[in-house]
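Remarks on the structure that follows.
Here, each number is a calculation from the coordinates, and none is a lab measurement. Keep in mind it's a predicted model, so treat the numbers as computed, not measured. Note that we place each Cβ from the backbone using ideal geometry, even for glycine, and neighbour counts take in every protein chain shown.
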Amino acid sequence: MSRKSSLASQSSMKLEQEMRECRMAYLSVLSSTSENMTSSKELTLALQYSGRNPTQKSIKKHWKYSTESISYSEFCEIMKQEKQNSKNDLVYAFKKMDINDDGFISFSELKKALTMYGERMSESEVQDILDEADDNGDGRLDYEEFCDLLMSTAERCKELSQKKVKDDVTSREQRSSSLSRKSSSNNVNSVQGKPPKSPRTTGKAVKEPKNLKDWDFQTRKGFVVVEGGGKFSSHCYKLKIPSSTKLWLTIHGNFQDRQMDFTLFVVRADSGELVAFTQAIVDERSCVLTDISPGEYNVLVFTTGCQLSARSFESKRTVELIKTVNGEIELTKRCRDALTEIFLHCDLDGNGYLSRHEFDVFQMRTSGESCDDGAWEVMVENFDTKNGREITLKGFLDLNLMEARDAEGDPNDLWVTFNSMGYNKALEPDQVAFFVTEIYSRDCDIKLQALKIDDNKEILNKAVVQSIVENSTTHNVKRMRDLILHRYDDERRVSLAIENKSRQSVMVRLNCNKSQNCVSHCGNLNCVIKVEARSTEVRITLYTCCII
């Protein structure tokens, strides 16, 4: 082969490789090259999947204020302009800061460069880099090794984009072969099979931050209880942030070996806008690491209902709550044990006592009445407390015993308490799920206050829908432009939401019958639903029982 033909062959191979990378990156975000990008976020994500690290300045250059969309061919041109940095480029940049020319730079110099020059990073972002890079704690960065890490990360992004495209092709082929040729009803739009997984919701590797012992820490217990009609109510919390900080939030179940799915949603107290939610799983805890600005926030607890649902029948066995000993009314051991469980779960800060606020939450839940000043004074004067300010377990049990004696042994009031707390006639907590939430703040002290038990229906529904829509794969139902299926995936659940942009309501069949190793919150994997005009409905959530 001549030198000329050899060069031509190499040039052709290089062009082919570039086009392949461009296509892989584009299809990592959109389902087809015929679709246009409709946001700068999609452009940024696609460039990152190609192994590039675009700055905000370069993104604004390509996505101007007047830009409405970017086509596949336009994206390929952008790829050509956004060159990948080589290791030599990175090392050369670091050498500029290497005063001693010994292969190391101090973290103070790096922090100064990253926060003061070029596209400036926040101190919080820089601290994340330093925490990850400082393996031996000497306060210096071996930038040769660091550059190797950056290059391998970029290469990994390429590999992930290629794998995702291959998986999507396989998924589409499987869906295509499983679709029935005829709809079961002419006026029902059918959604079958499994939409492709989203790169924004899968494979998010989250590690617990280092040195959490040095972070400000707040923890609270709580529970979710099933209400009439299968709805849920839960503890919620007020979070006060005095200054910008990084938060590590976790939530996990807190009762025996019962497996439950919980998600924490952090929303702005004034607007209800979603700020963050837990989606990664670390040591059986649902977690998220996020930056947050000063302000007041509501922390809401969500469960899919796959593991907790309204009971379909009452227990045939009824436990005795009251007994008579030497002519005196007493609580049975099983009754005392169940009340002790309730006491421990109502002790939200875990200090072994019930504060007035914690007791008030219990009172509101079981009787609908608040514990006013007079009622609290009676409690403190007549029952065992710690320093006259918090109720002990003995005081709590004595209170319930007194009420049983006042009722002359009628257990009805006790049953009201147990039913309100999610216990059945066998004193099994089948309508309640207990949890523990932990919040760590790196840069400032925070305040976390438990609020009353509420369903927070409107705010929580808005947050759940927003979390799905903003972190989902989407495709049109039966090629209908105004009917969109959103699919959200994380390590434990898959949620499907239907968005109807049209001016009329539609009937949609969601068929997930071919799903394996999972349960649904609605108990039916094949259902027909009505989606109102200009609305988004979260209709099916699948909770994985084991790794598929």
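General remarks:
- Listed peptides 428-438, 206-216, 342-352 by packing density, highest first (mean Cβ within 10 Å): 428-438, 342-352, 206-216
- Applied to the range 21-34, the Karplus parametrisation 6.51 cos²θ - 1.76 cosθ + 1.60 on θ = phi - 60° returns per-residue 3J(HN,Hα) values of 4, 4, 5, 4, 5, 5, 6, 6, 10, 10, 7, 8, 6, 7 Hz, with x for Gly and Pro.
- Taking every Cα-Cα distance in the range 472-544 and sorting them into 10 Å bins starting at zero, the pair-distance distribution P(r) comes out as 20, 53, 24, 3 percent.
- Too-long pairs where the Cα-Cα distance tops 30 Å, listed order kept, from LYS457/LYS501; LYS246/LYS530; LYS221/LYS457; LYS207/LYS231; LYS210/LYS452; LYS231/LYS425: LYS246/LYS530; LYS207/LYS231; LYS210/LYS452
- Order by protection proxy (mean Cβ within 10 Å, highest first), peptides 83-90, 296-303, 458-465: 296-303, 458-465, 83-90
- Considering only Cα atoms, the convex hull volume of the range 221-361 works out to 170 Å³ per residue.
- Karplus-based coupling profile of the range 219-230, in residue order and whole Hz: 9, 9, 8, x, 8, 10, 10, 7, 9, x, x, x, with θ = phi - 60° in 6.51 cos²θ - 1.76 cosθ + 1.60 and x standing for Gly or Pro.
- The phi torsions of the range 343-354, fed into the Karplus equation with coefficients 6.51, -1.76 and 1.60 and a -60° offset, translate into couplings of 4, 5, 7, 7, 6, 5, 8, x, 8, x, 9, 9 Hz, rounded to whole numbers, with Gly and Pro shown as x.
- Per-peptide average of other Cβ atoms within 10 Å, ordering 498-506, 237-245 highest first: 237-245, 498-506
- Taking Cα centre as origin and charging only the Cβ of basic (Lys, Arg, +1) and acidic (Asp, Glu, -1) residues, the dipole magnitude of the range 393-548 rounds to 1340 debye.
- The order of HIS235, HIS62, going from fewest to most other C-beta atoms within 10 Å of their C-beta, is HIS62, HIS235.
- Across the range 359-415, Cα-Cα pairs farther apart than 17 Å form 41% of the total.
- Estimated FRET transfer efficiency (HIS357, ALA310; beta-carbon r; R0 25 Å; 0.05): 0.30
- Taking the range 322-429 and dividing mean pair separation by its residue count, relative contact order in percent (alpha carbons under 8 Å, at least six apart): 26
- By the beta-carbon count within 10 Å of each Cβ, the least crowded to most crowded order of ASP261, ASP337, fewest first, is ASP337, ASP261.
- Amide H contacts of SER315: LYS425, ALA426, each under 5 Å away and 5 or more positions distant or on a separate chain (H built 1.01 Å from N in the peptide plane; Pro and chain starts excluded).
- Ordering GLU284, GLU320 from the fewest to the most neighbouring beta carbons within 10 Å gives GLU284, GLU320.
- Whole-number percent relative contact order across the range 338-493, with pairs defined as alpha carbons under 8 Å at least 6 apart: 15
- Hydrodynamic radius by Kirkwood, which averages 1/r over all alpha carbon pairs of the range 303-441, in angstrom: 16.3
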